Each structure stands twice: as C-alpha cells, then as structure tokens.
Amino acid sequence: MEMVLLLVRLFLFGVFVFAGVGKLIDLEGSEKAVKGFGVPEPLAKPVSLFLPVIEIVIGVLLLFVGTAWIGAVLAFLLLLLFIGAMVVQMAQGNAPDCHCFGQIHSEPVGKSSLIRNIGFAILALLLVSQGPANQGFDLSASSTDMLQAVLILGILVLLAIAVFYLKKIFDQQLQITRRIEVLELVSRDGAHVEREEAGSPAESLPIGAPFPEFELADTGGKRVRLSDYRKAGQPILFLFVSPDCGPCNALLPEIQEWNKDLSDKFKIILVSSGTIPANIEKFGEEFGVLLQEKRELAEQVKARWTPTAIFVNADGRIASHPAAGDTSIRELVEKLQTEDLGKEHLYFPAGDNGRSLLIGEKIPEFSMPDVKGETVTHEAFQGKESLVVFFSMTCPHCVKMIEDLKEWDQNKNADEPNLVVFSDGDAEAHEPLALNAPIVLDKNYKIAGEIGMRGTPSGILVNEKGEIVTETGVGASNIWALLGKEPPSK
C-alpha cells in the first residue's frame, strides 16, 4: 500500500505542477479563463496569479511524506472548487475555456474535463483518508532501490508526455498534408488523385438529409445547438476551419465580407477545433466560433478537410456537397449570391455530381405486387413522406439492416415517414422478414433504377406529393442519415 500511496503522490505532484506552470506561462489566458468562470474583473488578475502558485505549492507539499497530507487536503478542496465551478457553468449552458493546464493544454468545459477533475479528486481523497501518518514511502529516507524505482517511473512519465506531444505534432502534420492535397486537387484541373487515408473531399452525407443536431461551445463560453440557429428560419453556411489552417486564414477577409454583405441571405457559422484563445486570435470574436473537442461534428458530416463549406437550407437540410478548399468555397458562395435560396428543391452539387440527382422529380407511375400479393402503385407515396429503401435478400448488409429498419418502423412516431421497400426475388424468400411495411417485388429493379437506386442497400426520401427530395443514400449509415439518425449498431 505504501508504494501505491507514493505513486498517487507523485502523480498528483506532476498534475498540479504541470497545471501551475502551464498557467504561469500564459497569465493572460489564465485571467481570461478566470473571468469566464464569473470572477469579477477587479479580482480576475490576482486570482489568475494566485491559482497557479497554490497549485505548484500543493505539488511540492505532496512530494514529502511530512507535508503530503496537508497537500492532499488542499488538493482535494481545490479540486472540489474546480468541480463545483464546472457544474455551475454547465448547468447554466456555458462552456468557458477551462485553461486547466494553461498554454500546455486547454479545452472548453465539458464532460471530459469534469470527469478528469473528479478522478483527480478521488486520488486526493484517498491520501486524505489515510491520515497524516500514513502517506506512503518517504523519498528522503528511501533506499537506493527505491530511488531507482522512482527514477524509472519518472522516465516512464516523461516518455508518456513525449509520446503525447509527438502524437499532437503528427496530427498537425496530417492536417497540413490534407490541406496541401486540397490545393493539389484544385490545381490539377480535375485529374484523379488517390487519397484513401484522408477520405475524398467529395464524400458527403446525402443532399436532402437533415443536418445533424449538435451541442457545441462557442468562443464566448456559451453552449449552442443547431435548434438555436434554426429559430431564425434562415439558411446556414457552415464553414469548417482550424486555427492552424493557412488557407482558412487566407480566406478569412472574404468570409468577413460575406458575413457583412450576405447576412440577409444566409448565416455563416464557423466550426473549429482547438482552444478558445487560439480561435479568437485567428478568427476574432465576430463569429462566435463553435468549438469541437475532437472534430466530432466535422467527422459526422464528413467535412474532413479545412477549409470546407456545407450549405444547409432554411428547413435544416443539407443542400450542398462539401466544398473543399478556398476555390470551391468561393464558387459555392457565388452561386448562393445569385440564387433564390427560398426556391423549392434547390441544391448545389459538386462538379458533375448533380447530373445523376433526381431531386424534385416525381415517382414514375407503376403498379406492382408486394410480397403479400397486394398491389402497390405510385399513389402509395401521396399524402405522407416516405423512406424508400432498395434491398436484396442476397446482400448481407441489407439483411443486417432490415432488422433495425423493422424495429424503427414498428416504433416510429406518427410524424416520421412511411417505409416502402423495393426488392427482387420471390415472395417466399421475403416472408421471414415479417415487415409491416410493403416490400414491392421489382424484378431486375426496373422502377428502383428509375428512381435512383445505386446498389443495395440504398434509399431516398419522397415527400407527400410523391417528389424525390434527397440524393440517394448508399449504405446503411447514409440511409439512417436521411432520417437524421445514427445507425443503431454504431
């Protein structure tokens, strides 16, 4: 147990000294973070200086067995103060920059920072519970073997820190490489370039799918949801950027002009990553940049490059393919300037991708049997929105997905779309599926091909007038995206 207590003391020593030094080398950021937690202006500066000093003092106290218990008590009380402040801010819907480790590492207050501090508090409480006389091995009176063990532990900790920073450097280099490749893509006049590791800039959620709901912190410390922006009933241009992105910086003056001149047509929202100070320094406070913790929203909407733009119409549905790179973004904005953005079935495909889209076209007339022997016609799509899924019994991905679709169809809300499935093969082969929704037997996918099937499984949404309103979603994840849902198996 004594070795465990020593390791806990050494770990907390590293945490508090690391945090204190990080804050001291960025006192301006520390002061701003303190203000974000509601400390009055006159007290912000002294508090921002006192806090890192007391953290370093606590760290030093934890090193020595004679003072470790006092250090543990102070550590526990300080962590309780941090946890309480975080809970209050989160309960108010705020997410100020925690500035937990100063310039070394910072992030908006959220679940991860709260859980981390609770974990530290539990370790401090463990030391407190042991009493002043039982704080583990005394380093000053330890044997040579003990000092060697501590030295090895210290080396391992330093190696772990080195690995952490090497990973950050690698991630930054990967981002730079992706941006260089965007420039290559623009300069090659459409030449094909393999980029399997980064993902294609043209890869996207289907046009017509709802833009995913989110909750992110802005640089002012407020937590913001998509629904907050939707209340204005205005189209939105999402721009995915990064504070260390050179092309983003080059494009910023134009973004500021668009924000000023086109605000009556659409709203511009910048979505970034990194710290609050870094984003304010790069983009200013004009936009209230939304901050991701780990590019989670960008990955969800497949905006894997920076800068990338995605246009969302007033109904909250994706109305463009991702425009990757400054040239593509400018082209998209030029189109947005000249178009009536309230026009029905308006969308902005990338390149030649729009030629195969059937958005706005009506379902062709047809009359076909379903697996129960009943006749289904194009009139089945009148009166209510429908999700149309193209399916095959020989496709293992389809069979896997159909169980999830069946559960959704049986439990969906009254305002959610009807489900209609088009499939090939004999009626008997489909009986084990036991779907309530009609399974139309479309031999050789004659009708399915006319209304956008692109392999199986794939799907489209059809509105209450029988008009196709989305791009074809290929694969289970894109079909669920048409409904604004995550795949159940994810």
Amide proton proximity set for Ala350, modelled H, under 5 Å, gap of 5+: His321
Rg followed by Dmax, in Å, when segment 215-353 is reduced to its Cα trace: 14.0, 41
Sorted peptide list for 390-402, 60-72, 330-342, 219-231, criterion being average Cβ within 10 angstrom, highest first: 60-72, 390-402, 219-231, 330-342
Segment 367-482: radius of gyration and largest Cα-Cα distance (Dmax), Å: 12.8, 33
Partners for Lys282 among aspartates and glutamates (Cα-Cα distance below 20 Å; same-chain residues under 8 apart left out): Asp26, Glu28, Glu31, Asp97, Glu107, Asp171, Asp218, Asp244, Glu254, Glu257, Glu293, Asp326
Which listed pairs, of Lys294/Lys406; Lys45/Lys222; Lys35/Lys231, have C-alpha distances above 25 Å, in listed order: Lys294/Lys406; Lys35/Lys231
Peptides 315-323, 256-264 ordered by average Cβ neighbours within 10 Å, highest first: 315-323, 256-264
Other-chain or far-sequence residues with amide H under 5 Å of Val440's (modelled H): Val421, Phe422, Ser423
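Each reported figure results from applying straightforward, stated rules to the coordinates on display, with no laboratory input. Small disclaimer: the values here were computed from a predicted structure and weren't measured. Here the Cβ is made from the backbone with ideal geometry for all residues, glycine too, and neighbour counts use every protein chain on show.
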